[in-house]
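Notes follow once the structure below has been shown.
The values are calculated or read from the model by the stated rules, or taken from the named source; none is laboratory data. Small disclaimer: the values here were computed from a predicted structure and weren't measured. Quick reminder, even Gly has a Cβ in these numbers, built from the backbone with ideal geometry, and neighbours come from all protein chains shown. The area values use the complete protein model at the heavy-atom level, side chains included, leaving out ligands, DNA and RNA. Shrake-Rupley method; radii C 1.70, N 1.55, O 1.52, S 1.80 Å.
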Amino acid sequence: MGFIDRLSPFAIKHGRAHGVLPSLIVAQGILESASGTSELAIKANNLFGIKSGSGWSDDVYTKRTAEHKTDGTIYYIDADFREYPTFEGCVIDLVNKYVNGTGWEPHNRYASVLNQTDYKKATAAVKAAGYETDVNYPEKLNKLIEQYELTKYDKEGDNVVKIALDAGHGINTAGKRTPDGEREWSFNNKVLLACAAKLNKYQDVQILRLDDPTGNTDVPLVTRTNKANAWGAGALVSIHHNAFAGKWGSHGGVETLVQEITASKASKDIAAIIQPRIVQAMGLRNRGAKTDNLHMLRESNMPAILTEGGFMDSTTDIGALRSDAKLKAQGEAIADGLAVYFKLKLKVAGTPAPPKEDEELKFSSPALKTETETSLVSKAHRQIIVAAAIKAGAHTSWTDKLENNTLTDADVLGLAVKYTVAVNK
């Protein structure tokens, strides 16, 4: 099997799912690994020269590499690079960089790489973000894409569902806060992130975020709907939390809005599916699906809903809004409602297989087994798992991720499975 044939399935699978052109990924693999013949590619399945970094706790491959001083002088060091069992892990990490940024910056410098349809714009965006210092890097990638006709991997099937998500107003928008000063955007953003994370567990889904991911800029509503319309979104969900008079009161409840009079049947159907799910997730009063004349609903060309997940000035609702677990559940409820409407299927490939009946996982203690099976959400549960993993040999940087709230559920599960087994060996 040729190099492109080995790499392209992973580029298609993970690139399309996260809005990164597969042609870009394959071209980068060809260029940076000399079509899989570089030392890193052969010895470590590392196609993009990804270094281990402080958060990497899996295998590393050490090799001599050239570095540059600020004056241009070249010197050599022994550097540690990530070692992968297959090309897939390397592709996942590259896509993760484009989707989430470097991890040490407050913004995602690679955001403009996402959701491109023109490969030349995608390669230019990679260079503009500082991925590579070679001024000819985009041209080299473009030549490879054209030479090997890699754009054929960018073509989507008719079953791809595009979901536009919006976390409401900016974090500093006047009036959008609780009587105690908590910002609506902070609630909305947690719901959106949970929704996006759950949607990414389904097949053939692409996500476009319409608001500023940092919340610092209140993106004009017309900019948001124009972006969703131009992208060809299949549905739009604008996530909000309500307020009555800005003073604490006993009012409250969850409602989902569609455009008055002109709402499509699809909008109404999506609202009807999602509304009861949010009510259940938040444990609040059901105010029902309603209509209103709002820009995000009126100016969207696709089915659109606006959710109100509770009242920020309600003494009844505020406890649920202050619960990260409930906000996460709300986001997942929205995602699952969309999955029901669009008949989405959960991804199977790449997910951890359950243990065989005669190979039940060993945990360092019954308490740890119970904690892992019960929840991966609370910090207390995570602390137990991380401590056990470090005791068994995991890198201490996992503690930093725990404290910085960057430890994902996948991280926790991976630590529980890989390192707690070692404790009993």
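If you take all other residues with their beta carbon under 12 Å from the beta carbon of A129, and give Lys and Arg +1 and Asp and Glu -1, the sum is +1. When the C-alpha to C-alpha distance is required to be over 19 Å, the pairs from K13/K201; K97/K227; K127/K201 that qualify are K97/K227; K127/K201. With the simple spin-label model, which puts each label point 7 Å out from Cα in the Cβ direction, the T315 to D80 separation comes to 5.5 nm.
Projecting the Cα atoms of G310, A266, M296 onto the dipole axis of the stretch 206-338, where Lys and Arg carry +1 and Asp and Glu carry -1 at the beta carbon, places A266 farthest toward the positive end. Just want the answer: with Cβ charges of +1 for Lys and Arg and -1 for Asp and Glu, which residue in T102, H18, T37 is farthest toward the dipole's positive end in the stretch 1-128? Selected residue: H18.
Here the calculated FRET efficiency for K120 and D5, from their Cβ-Cβ distance with R0 = 22 Å, stands at 0.35, rounded to the nearest 0.05.
Of the whole protein surface, I4 contributes about 40 Å² of accessible area at a 1.4 Å probe radius.
Dipole check for the stretch 1-139: with +1 at the C-beta of Lys and Arg, -1 at the C-beta of Asp and Glu, and the Cα centre as origin, the magnitude is about 320 Debye. Net length available on complete extension from R109 to T262 is 51.2 nm, with 0.36 nm assigned per residue and the Cα-Cα distance removed. Think of each Lys and Arg Cβ as +1 and each Asp and Glu Cβ as -1; about the Cα centre, that makes the dipole of the stretch 156-287 roughly 300 debye.
For S38, the solvent-accessible surface computed with a 1.4 Å probe is close to 30 Å², ligands and nucleic acids excluded. Give, as a single signed number, the net charge of other residues whose beta carbon lies under 12 Å from the beta carbon of A233, with Lys and Arg counted +1 and Asp and Glu -1. Around A233, the surrounding residues sum to +3. What separates the Cα centres of the stretch 78-144 and the stretch 233-276 is a distance of 37 Å.
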